[in-house]
Amino acid sequence: MDIEELLKWADDRVLASTGKHLESLQKAILEGIWQHQNYEEIAATNHRTYDHVKREAWKLWKVLSETLGEDVKKSNVISVLETQILSNNFYPTFEDRMQIVGTLNGNINICGENKIASAAADSPESQGRSPTIDLQEAPELIDYCEDDRSSELAQLGEWVSEGTRLISIYGLSGIGKSAIAVNLVTEISDKFDCVIWRSLSHSPTLPNLKVELKQFFSTSQATLLPRAIDYFRAYRCLVVLDDLEKIFKSGQLAGQYLPGYEDYGKFFKQIATSSSSCLILLGWEKPRDIATLEGEKRSARSLQLKGLAETAVEIFRERGLKDEESWSELISLYRGHPCWLKIVAATILELFNGSVARFLAEKDSNIFIGDLEPLLEAHLERLSDLELKASNWLAGLGQAVDVARSPSSADLSKSQLWQAIQSLGRRGLVEKVQLGDRAMFQLNPVFQQYIQSK
């Protein structure tokens, strides 16, 4: 390997990750370090000041660290780049598989001319192989309203087929995120070399998660690779990470990582921008960095899962509720949320002998909360002060509002209101109502009732 190959490889990676090439001085710094020069010598060679070179080097280590997912510095940059180049050439990516033609005198000779035109031709399905699957931590499915989720399932399947590498499925607890993900995995698993589902409920640090993933990958594939990310690049891996909210802060705007967990964001970006695999994230909140990645070559997508429609009546039918003509009203009242509907159905059976009509007639004008309280409280506890102020203001209005409106009574500036509504939307607690070409926003009515009752 020569310096030109190293510079080109590093520049290509940074361009793919940031959309920008390395600066000429940054390339000169790499070349100088390759030649065992210090910063003073690099500065003299390039007619720059020592301080200028040092500042530019700091920027270079930062962008390389973010791009490669490793702590890159002057002392290790060459070894890190050489290791990554070797891994990515010897173990080819999904987009650009190389044909390795042999080794001569200890040097790997790689032919880049023979690319496989179709990803499907190299999939486990076409090779007659079965993927290695570990779904031990996936929840057991008791029921699943397949007809009501068919459009979402089709959309997710289409994204995977298009090569989307990072998918976030988010929404309220109990809405059915895990259920749709299990069914998606069932449908697409044969397109991957290995499939694994892991819960983040115990808030594992990224290094610990990587060790666990690497252990699974190394037992499922014949070739051992040095790092977990190398398997994401060399093979078609499908990884589902559930309970994503456990690595996010409470009391802050949605999707902000806990202290010490920020490296998850870099890891997700690595997979979205330079892998041949698919990572599916399930959680109560949409990660903030997903919004940025969504605009980059469709490498990342997000789906907010909402309530069920008319097939939610199966919940009532299975439980033997009465007054079928009133079921639609009850479903609408609780926004088709399957978990909420099951809890309310239990209340109707206990207090009204299964009569939905009596429940609707006897309750006061407010939405009955009852046993939903601990579920709603779990969401309320995660809100920031800004979100709490905005929620109380929206609940007091009791109707959809235009974000152009200034909430003078809520001690919030307009920009703070926008921030809060955006964050509440990323939690699934605010609904968007389209009024012509204007977007209006309102609280989820069940959550609104809970706030008003506090």
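What tally of residues in the range 286-341 results from selecting those that are among the polar types (S, T, N, Q), in contact (Cβ under 8 Å) with a residue 24 or more places away in the chain and either crowded, with 22+ Cβ neighbours inside 10 Å or farther than 16 Å from Leu360 by Cβ (or both)? So that I can check it myself, show each step before the final result.
Filtering the range 286-341 for residues among the polar types (S, T, N, Q) gives 292, 299, 302, 304, 311, 326, 328, 332.
Filter once more, so that each one left must be in contact (Cβ under 8 Å) with a residue 24 or more places away in the chain: 299, 302, 304, 311, 326.
If we keep only those that are either crowded, with 22+ Cβ neighbours inside 10 Å or farther than 16 Å from Leu360 by Cβ (or both) as well, we get 299, 302, 304, 311.
Residues meeting the conditions: 4.
Which residues, counting only those in the range 247-284, are surrounded by fewer than 22 Cβ atoms within 10 Å (Cβ to Cβ), charged (D, E, K, R) and either within 27 Å of Phe217 (Cα to Cα) or within 11 Å of the chain's Cα centre (by Cα) (or both)?
Glu262, Asp263, Lys266
Scan the range 189-215 residue by residue and report those that are hydroxyl-bearing (Ser, Thr, Tyr) and part of a loop (DSSP other than H, G, I, E, B). Spell out the reasoning first.
Of the residues in the range 189-215, the ones hydroxyl-bearing (Ser, Thr, Tyr) are 189, 199, 201, 203, 205.
Once the filter is applied, which keeps residues that are hydroxyl-bearing (Ser, Thr, Tyr) and part of a loop (DSSP other than H, G, I, E, B), the range 189-215 yields Ser201, Ser203, Thr205.
Just give me the residues in the range 429-444 being touching a Lys or Arg at 6+ places or on another chain (Cβ under 7 Å) and closer than 16 Å to Leu172 by Cα, in sequence order.
Going residue by residue through the range 429-444, those that are touching a Lys or Arg at 6+ places or on another chain (Cβ under 7 Å) are 439, 441, 444.
Within the range 429-444, Asn444 is the sole residue that qualifies.
Residue-by-condition table, conditions (1) over 11 Å from Leu238 (Cβ atoms); (2) among the aromatic types (Phe, Trp, Tyr); (3) free of Cβ contacts under 8 Å to residues at least 12 places away in the same chain:
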| position | (1), (2), (3) |
| --- | --- |
| Leu156 | yes, no, no |
| Tyr170 | yes, yes, no |
| His202 | yes, no, no |
| Asn208 | yes, no, yes |
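Could you pull out every one of the helices (runs of 4 or more DSSP H) wholly within the range 1-75 that has 3 or more residues that are in contact (Cβ under 8 Å) with a residue 12 or more places away in the chain and not hydroxyl-bearing (Ser, Thr, Tyr)?
Details: elements: 3-18, 24-34, 39-45, 50-68.
Once the helices (runs of 4 or more DSSP H) in the range 1-75 are filtered for at least 3 residues that are in contact (Cβ under 8 Å) with a residue 12 or more places away in the chain and not hydroxyl-bearing (Ser, Thr, Tyr), what remains is 3-18, 24-34, 50-68.
Filter the range 343-354 for residues that are buried (at least 17 other Cβ atoms within 10 Å of the Cβ) and out of contact with any Leu (no Cβ under 8 Å at 6 or more places or on another chain) and give the result.
Selection gives Phe352 alone.
I need a count of the residues in the range 1-21 that are among the hydrophobic types (A, V, I, L, M, F, W, C) and either buried (at least 18 other Cβ atoms within 10 Å of the Cβ) or over 30 Å from the mean Cα position of the chain (by Cα) (or both).
Number of matching residues: 6.
Checking the conditions here, which among Asp323, Asp385 is more than 19 Å from Gly307 (Cα to Cα) and assigned by TED's automatic domain parsing to the domain that holds Leu412?
Working: Asp323 fails: assigned by TED's automatic domain parsing to the domain that holds Leu412.
Just one listed residue meets the conditions, Asp385.
On the given criteria, is Ser178 at pLDDT 80 or above, within 27 Å of Phe248 (Cα to Cα) and of a type outside the set (Lys, Arg)?
Details: at pLDDT 80 or above: yes; within 27 Å of Phe248 (Cα to Cα): yes; of a type outside the set (Lys, Arg): yes.
In short, yes.
Find all pairs meeting these conditions: Cβ atoms under 7 angstrom apart; at least six residues apart or on different chains; first residue within the range 264-278 and assigned by TED's automatic domain parsing to the domain that holds Ala228 and without any contact (Cβ under 8 Å) to a residue 40 or more places away in the chain; second residue among the hydroxyl-bearing types (Ser, Thr, Tyr) and surrounded by fewer than 23 Cβ atoms within 10 Å (Cβ to Cβ).
Filtered contacts from the range 264-278: Gly265/Tyr257.
The values are calculated or read from the model by the stated rules, or taken from the named source; none is laboratory data. These numbers were taken from a predicted model, which means no experiment stands behind them. We place every Cβ from the backbone using ideal geometry, glycine too, and count neighbours over all the protein chains shown.
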